[in-house]
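**Student:** Pasting a structure here, questions to come.
The values are calculated or read from the model by the stated rules, or taken from the named source; none is laboratory data. Since the model is a prediction, treat every value here as computed from it, not as a measurement. So basically every Cβ, Gly included, is an ideal-geometry build from the backbone, and we count neighbours across all protein chains shown. The protein model used for the area step is the full one, side chains on, heavy atoms only, and it has no ligands, DNA or RNA in it. Shrake-Rupley method; radii C 1.70, N 1.55, O 1.52, S 1.80 Å.
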Amino acid sequence: MQAIRSRDTQPEQLVRRLLHAQGLRYRVAARPLPDLRRTADIVFRPVKVAVFIDGCYWHGCPAHYVPPKTNSGYWSDKVAGNMARDRDTDDRLHAAGWTVLRFWEHEPPAACAARIAAEVEKRGGGGGGGGEEGGEEPCLSLPPHGTGG
């Protein structure tokens, strides 16, 4: 498990490259909330948008997850725990007024970047780093993951 990357995966890098090219600035592998011991892949703090790009195997993608043949009890429990933690993270961030965007690693990076940029723009974050803190607008209710194929 030591070789499994938790940050800077290829899907993350492709999406970040596209966002940066659009002039958006963000934090990488950062905690959205100081007291939450979980990191989002991409964080836009001023507008309270947290982005997660989930691996199909580790987060139980309905289209691509295949249960392992060896030690299936352990790995299935681990993936189920990851999925439960993902939902808990979403709930905690929503309660704190954040928008959570989740994408599967197999989704097209351009589509992910477009959706992220649209959400950041909608919440008032144009580009270049600074900006005012997001207001008290209600958190969006988004589906747990995109619908890309």
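**Student:** For region 8-110, list the strands (runs of 3 or more DSSP E) that sit wholly inside it and hold at least 2 residues that are without any contact (Cβ under 8 Å) to a residue 24 or more places away in the chain, open to solvent by 20 Å² or more (accessible area, probe 1.4 Å) and within 26 Å of GLY125 (Cβ to Cβ); which are they?
**Tutor:** 27-30
**Student:** Does region 51-67 contain any residue that is touching an Asp or Glu at 6+ places or on another chain (Cβ under 7 Å) and among the β-branched types (Val, Ile, Thr)?
**Tutor:** Checking region 51-67: at least one residue is touching an Asp or Glu at 6+ places or on another chain (Cβ under 7 Å) and among the β-branched types (Val, Ile, Thr).
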